[in-house]
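The structure under discussion appears below in the form of structure tokens.
The values are calculated or read from the model by the stated rules, or taken from the named source; none is laboratory data. This structure is a prediction, so every number in the text was calculated from the model and none was measured. FYI the Cβ positions are ideal-geometry reconstructions off the backbone, even for glycines, and counts take in every protein chain you see. Only protein heavy atoms, including side chains, enter the accessible area calculation; ligands, DNA and RNA are left aside. Shrake-Rupley method; radii C 1.70, N 1.55, O 1.52, S 1.80 Å.
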Amino acid sequence: MLRTLQVPSRICSAMMKRVVATWLASLLLLTGPAAWACRVCRPRVHAGIHNAEYTANLLLLLLPVAVVLLVGLGLFYAPTLKARLTSPSAHD
């Protein structure tokens with residue numbers, strides 16, 4: 001009979017987390033230099049970023065972060081808000 005090795009789920013989960021973390025860290029480290037601009041292109045890149053529409057571009061870039069933050073806060077405070085809205089008022 002062929003026996004399989006039984007690995008506890010805690011060990012497997014910890015190993016998997018370590019593998020995923022290592023993989024993501026290596027991807028981030030490998031893609032960093034590819035995003036840098038060379039000496040010739042760097043002034044053009046900076047000129048393209050810091051132009052008249054800089055504020056609008058920045059706000060548009062931060063809009064998804066604000067939406068995710070508001071949804072997260074809404075989910076976090078949902079039980080408190082629901083209890084406050086459904087409780088009978090003290091003035092009745």
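Counting only residues that are modelled with pLDDT under 90, open to solvent by less than 90 Å² (accessible area, probe 1.4 Å) and among the hydrophobic types (A, V, I, L, M, F, W, C), the stretch 35-71 holds 7 of them. Filtering the stretch 73-92 to residues that are among the hydroxyl-bearing types (Ser, Thr, Tyr), exposed (fewer than 10 other Cβ atoms within 10 Å of the Cβ) and modelled with pLDDT of 85 or more leaves THR80, THR86.
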